[in-house]
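Here is the structure we will look at, set down as structure tokens.
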Amino acid sequence: MKRPKVTIITVNYDSRPDIEKTIRTLKHYICNDQIRFFVVDNSDDKQLAELIETKYPEVQYFRSPGNIGYGRGCNIGLEQVETPYCLLLNPDALLQMADLERMLSFIEKHANVACLGPCVHDPDGSFQSAGGLPTPYDIIKDATGFGVPYPSRREIHPGNPPFKTDWLCASIILVRMKAIDAVGHFDPRFFLYFEETDLCRRFLDAGWEIWATGEAEGFHQNAVSALSTKQIMYASCIAKDYFQSRFYYMTKHHGWTRAIIADVIEYALAPARWIYQCLKRKDDCEKHAVRLRSPLLSLPERKVK
């Protein structure tokens, strides 16, 4: 009997209904050992554990030691993967088996591809983007309004042929385990956000390639778990975690000096940008107010593992 080629890992945090929907969609393929499915539970959801044990015993359930963050949750699953590929799937995201098979077909034919992202539909009708690894200069351009930040970033539209890129959103991403073994798992210092950005950067630094394709399509409800926390949000992210993770990423890959300069300039210009956007009655004036209420030059808390 053929061994499965891919293991799906999803990390739960108050997302039981979404996870059950995904399991139901793929249950036939899980039961027939065409894929493996891991759920890592960051919220100690006893109902989810009971649901999987009674209704979906083919799914492997792992309870984390608490809310340890997305990357560290994924690492628990990655340590158990025995298949050559792994699909990292947000609990509020969905990918049909036919689309997964299209992605597998591509990555199997291209040995130097570390990860592959599909076209992902967002609820507002837009599509998730690929490309544009962030730099301190991009933060400054965005803060000053001079120049276009992330100029190489582009949406992955349905039907787009595969294209090479330098960054993917990890809501739905197919990863080659050989590449993970070569560069290491997610950096546990990231609690939320920028963990996939850091991983993409490490793939590229090690000589691997990153690709996207519109020939496979998935769907993402976007920020369901984050919104349930009722915390201050910035661009669909929990603001505190977003800015701490971004600052850590910048210090790690661009050095302390550039990271500090970018953070300070953005923060210093936020009041003026807020006033300007409000006078212009622009929709994004709130993001500048959120910046002022968020950490400056702050790193994520250190984690043990």
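The values are calculated or read from the model by the stated rules, or taken from the named source; none is laboratory data. Quantities reported herein were computed from a predicted structural model and do not represent experimental measurements. Methodologically, a virtual Cβ is constructed for each residue, glycine included, from the backbone with ideal geometry; neighbour enumeration extends over all protein chains shown.
Filter the range 39-53 for residues that are of a type in the set (Lys, Arg) and either touching a Pro at 6+ places or on another chain (Cβ under 8 Å) or under 10 Å from Pro91 (Cβ atoms) (or both) and give the result. Working first, answer last.
Of all residues in the range 39-53, those of a type in the set (Lys, Arg) come to 46.
Hits for the range 39-53: nothing passes.
Mind counting the residues in the range 93-121 that are of a type in the set (S, T, N, Q) and in contact with an Asp or Glu (Cβ under 6 Å, 6 or more places away or on another chain)?
Of the range 93-121, the ones of a type in the set (S, T, N, Q) are 96, 105, 112.
Filter once more, so that each one left must be in contact with an Asp or Glu (Cβ under 6 Å, 6 or more places away or on another chain): 112.
The qualifying residues number 1.
Return only the number of the condition from (1) more than 22 Å from Gly117 (Cα to Cα); (2) polar (S, T, N, Q); (3) assigned to a helix (DSSP H, G or I); (4) under 19 Å from the mean Cα position of the chain (by Cα) that Thr54 does not satisfy.
Checking Thr54 against (1) more than 22 Å from Gly117 (Cα to Cα); (2) polar (S, T, N, Q); (3) assigned to a helix (DSSP H, G or I); (4) under 19 Å from the mean Cα position of the chain (by Cα), the one that fails is (4).
So which residues in the range 74-105 are of a type in the set (S, T, N, Q) and within 21 Å of Gln221 (Cβ to Cβ), if there are any at all?
Taking the range 74-105 as the starting set, the residues that turn out to be of a type in the set (S, T, N, Q) are 75, 80, 83, 90, 96, 105.
Hits for the range 74-105 are Asn90, Gln96.
Given the structure, is Arg201 crowded, with 18+ Cβ neighbours inside 10 Å, of a type in the set (Lys, Arg), out of contact with any Pro (no Cβ under 6 Å at 6 or more places or on another chain) and in the same structural domain as Ile68 (by TED's automatic domain parsing)?
Working: crowded, with 18+ Cβ neighbours inside 10 Å: yes; of a type in the set (Lys, Arg): yes; out of contact with any Pro (no Cβ under 6 Å at 6 or more places or on another chain): yes; in the same structural domain as Ile68 (by TED's automatic domain parsing): yes.
So Arg201 passes the test.
Determine the pairs where a residue that is touching a residue at least 40 places away in the same chain (Cβ under 8 Å) and farther than 12 Å from Val39 by Cα, located within the range 65-89, has a partner that is part of a helix (DSSP H, G or I) and acidic (Asp, Glu) with Cβ atoms under 6 Å apart, the partner being 6 or more residues away or on another chain.
Sorted first by the residue in the range 65-89, then by its partner, the pairs are Gly71/Glu195.
If you check Thr22, Thr7, Thr54, which single one turns out to be surrounded by fewer than 16 Cβ atoms within 10 Å (Cβ to Cβ), hydroxyl-bearing (Ser, Thr, Tyr) and either without any contact (Cβ under 8 Å) to a residue 24 or more places away in the chain or farther than 18 Å from Leu192 by Cα (or both)? Full working, then the answer.
On the way: Thr22 fails: surrounded by fewer than 16 Cβ atoms within 10 Å (Cβ to Cβ); Thr7 fails: surrounded by fewer than 16 Cβ atoms within 10 Å (Cβ to Cβ).
Result of the check over Thr22, Thr7, Thr54: Thr54.
Can you tell me which residue is nearest to Asp14 (Cα to Cα) among those in the range 47-74 that are of a type in the set (S, T, N, Q) and touching a Lys or Arg at 6+ places or on another chain (Cβ under 8 Å)? Give the derivation first.
Just the residues of the range 47-74 that are of a type in the set (S, T, N, Q), to begin with: 47, 54, 60, 64, 67.
Applying the additional criterion that residues be touching a Lys or Arg at 6+ places or on another chain (Cβ under 8 Å) yields 47, 60, 64.
Values: Gln47: 11, Gln60: 18, Ser64: 14 Å.
Going through the qualifying residues, I end up with Gln47.
Determine if the range 12-22 includes at least one residue that is at positive phi and touching a helix residue (DSSP H, G or I) at 6+ places or on another chain (Cβ under 6 Å). Please lay out each step first, then the result.
Narrowing the range 12-22 to residues at positive phi: 14.
Checking which are touching a helix residue (DSSP H, G or I) at 6+ places or on another chain (Cβ under 6 Å) leaves us with 14.
Yes, some residue in the range 12-22 is at positive phi and touching a helix residue (DSSP H, G or I) at 6+ places or on another chain (Cβ under 6 Å).
When the range 193-224 is examined, which residues are found to be of a type in the set (Ser, Thr, Tyr) and within 14 Å of the chain's Cα centre (by Cα)? Quick ask: steps written out before the conclusion?
First, the residues of the range 193-224 that are of a type in the set (Ser, Thr, Tyr): 193, 197, 213.
Matches in the range 193-224: Tyr193, Thr197.
Among the numbered criteria (1) part of a helix (DSSP H, G or I); (2) out of contact with any His (no Cβ under 8 Å at 6 or more places or on another chain); (3) farther than 17 Å from Tyr29 by Cα, which single criterion is violated by Phe62?
Phe62 satisfies all of (1) part of a helix (DSSP H, G or I); (2) out of contact with any His (no Cβ under 8 Å at 6 or more places or on another chain); (3) farther than 17 Å from Tyr29 by Cα except (1).
Restricting to the range 167-202, what's the tally of residues that are in contact with a strand residue (DSSP E or B) (Cβ under 9 Å, 6 or more places away or on another chain) and assigned to a loop (DSSP other than H, G, I, E, B)?
6
Can you confirm whether Ala216 is surrounded by 22 or more Cβ atoms within 10 Å (Cβ to Cβ) and either assigned by TED's automatic domain parsing to the domain that holds Tyr13 or not in a helix (DSSP H, G or I) (or both)? Outline the logic, then answer.
Details: surrounded by 22 or more Cβ atoms within 10 Å (Cβ to Cβ): yes; either assigned by TED's automatic domain parsing to the domain that holds Tyr13 or not in a helix (DSSP H, G or I) (or both): yes.
When the stated conditions are applied, Ala216 passes them.
How many residues are farther than 25 Å from Met97 by Cα and basic (Lys, Arg) when one looks only at the range 174-204?
3
Take Asp187 and decide whether it is of a type in the set (Asp, Glu), surrounded by fewer than 16 Cβ atoms within 10 Å (Cβ to Cβ) and at pLDDT 95 or above. Step through it out loud before you land on a result.
Values: of a type in the set (Asp, Glu): yes; surrounded by fewer than 16 Cβ atoms within 10 Å (Cβ to Cβ): no; at pLDDT 95 or above: yes.
Judged against the criteria, Asp187 is not a match.
Take the residues of the range 123-179 that are β-branched (Val, Ile, Thr) and in contact with a Gly (Cβ under 7 Å, 6 or more places away or on another chain): which is nearest to Val6 (Cα to Cα)? Quick ask: steps written out before the conclusion?
Here is the first cut: in the range 123-179, the residues β-branched (Val, Ile, Thr) are 135, 139-140, 144, 148, 156, 165, 172-173, 175.
Now narrow it down to the ones that are in contact with a Gly (Cβ under 7 Å, 6 or more places away or on another chain): 156, 165, 172-173.
Details: Ile156: 23, Thr165: 23, Ile172: 13, Ile173: 12 Å.
Result: Ile173.
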